[in-house]
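Worksheet: the structure to be examined is printed underneath.
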Amino acid sequence: MTTKAVGPGKGWGWLMSAVNLGRNNPKAIFGAVAWVALIALVPSIIQLGLQYGLKLGQGAVLSVIGATTLLSILVYPLLIGGLLRVIDAAENGRPTRAAAVFDTFRSGHDAGRLIGFGLLLTAIYIGLFLIIIYLFGRDFMHWYWNLITATQANPGVPPQIDSLPDGFGRLLGLGMLVAMFFSGVYAIGFGQVALAGRKVGEALGDGLAGTLKNVLPIVVLALIAIVGFVVLAIGFGLVAAILGAIGALIHPALAVVLLLPVYFAMILVMYVVMFGVMYYMWRDICGDAASTPSPIDQVQA
């Protein structure tokens, strides 16, 4: 049996194990995560530079957004596969390094399967999203497009948001359910491709089966993650307010300089936990959990 069911408490266990990620080889894991986080910020930096630096028009900016999004869809699966392999090596006591996150870009390291799985999941997710919008929220896209165009037309000016479209709450709820389900498919499937050598179709089947068998622990994980994110956001907001006030006393630019390291540190923590959860979820549902016990299991033992 490729996948197995685990108890609801594993949702908490995955998160706690992810919080402790890096204890075996912190230099490799945090370095690899930092590379992924930096690369993930590149599209936003390019967009802001073109929009506010070069003052490009709305059409040009939207074209750049489309191009960088497409490039991200192709590059990001390789980074995910590389990072999962760095984590797996560190957790099993094998030598690894931060730069190993880029090994998947080299020939013979399953780049095609990783990109193929990423493209397949993206297509399925977009397809489901469009179906949900068509059935339950046809006014949403019109509302969303007006919001985007208003933002691009007046950079730096908060847009005037119209009243929410009919059925927005129902659409949001269904979207969250789909996103929660596919987070399990995403984690299990990518683990199967990157760490178990499964083909794209096989990994998708494993992801769907493993998620269906483990809905309860995934729901527990999602609820805890939402609470944790709110706490983290409040903490970051308080720190940002304090640093902003200190910087404003000297120069407004100083506030930005002070906030950037704090912002990147928060992003780094979120990435470490997110990819740690992905790894431990895959390991307990598909991998050999007995050979690499998680920290939470060691404590309970």
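The values are calculated or read from the model by the stated rules, or taken from the named source; none is laboratory data. Just so you know, these numbers come straight off a predicted model, no measurement behind them. For neighbour counting, all protein chains shown are included, and Cβ atoms are generated from backbone atoms with ideal geometry for every residue, glycine included.
The number of residues in region 76-115 being free of Cβ contacts under 8 Å to residues at least 60 places away in the same chain and of a type in the set (K, R) comes to 2.
Looking at the structure I just gave you, is V230 under 19 Å from the mean Cα position of the chain (by Cα) and farther than 16 Å from S183 by Cβ? Yes. Among the residues of this structure, Y280 counts as one that is aromatic (F, W, Y), at pLDDT 90 or above, over 20 Å from L41 (Cα atoms) and crowded, with 16+ Cβ neighbours inside 10 Å. Within the bounds of region 84-102, is there any residue that is of a type in the set (V, I, T), out of contact with any Gly (no Cβ under 8 Å at 6 or more places or on another chain) and assigned to a helix (DSSP H, G or I)? Scanning region 84-102, I find at least one residue that is of a type in the set (V, I, T), out of contact with any Gly (no Cβ under 8 Å at 6 or more places or on another chain) and assigned to a helix (DSSP H, G or I), so the answer is yes. Inclusion of I188 among residues that are in a helix (DSSP H, G or I), of a type outside the set (F, W, Y) and without any contact (Cβ under 8 Å) to a residue 40 or more places away in the chain is not warranted.
Would you mind stating whether G175 is at pLDDT 90 or above, under 19 Å from the mean Cα position of the chain (by Cα), in a helix (DSSP H, G or I) and surrounded by 13 or more Cβ atoms within 10 Å (Cβ to Cβ)? When the stated conditions are applied, G175 does not pass them. Could you pull out the residue among Y271, Y280 that is in contact with a Phe, Trp or Tyr (Cβ under 6 Å, 6 or more places away or on another chain) and in a helix (DSSP H, G or I)? So the residue among Y271, Y280 that is in contact with a Phe, Trp or Tyr (Cβ under 6 Å, 6 or more places away or on another chain) and in a helix (DSSP H, G or I) is Y280. Scanning region 120-154 for residues that are among the small types (G, A, S) and at pLDDT 70 or above gives A123, G127. Exactly one residue among L78, L74, L62 is assigned to a helix (DSSP H, G or I) and surrounded by 22 or more Cβ atoms within 10 Å (Cβ to Cβ), and that residue is L78.
Among the residues of region 107-121, those identified as part of a helix (DSSP H, G or I) and either in contact with a strand residue (DSSP E or B) (Cβ under 8 Å, 6 or more places away or on another chain) or surrounded by 15 or more Cβ atoms within 10 Å (Cβ to Cβ) (or both) are A111, R113, L114, I115, G116, F117, G118, L120, L121.
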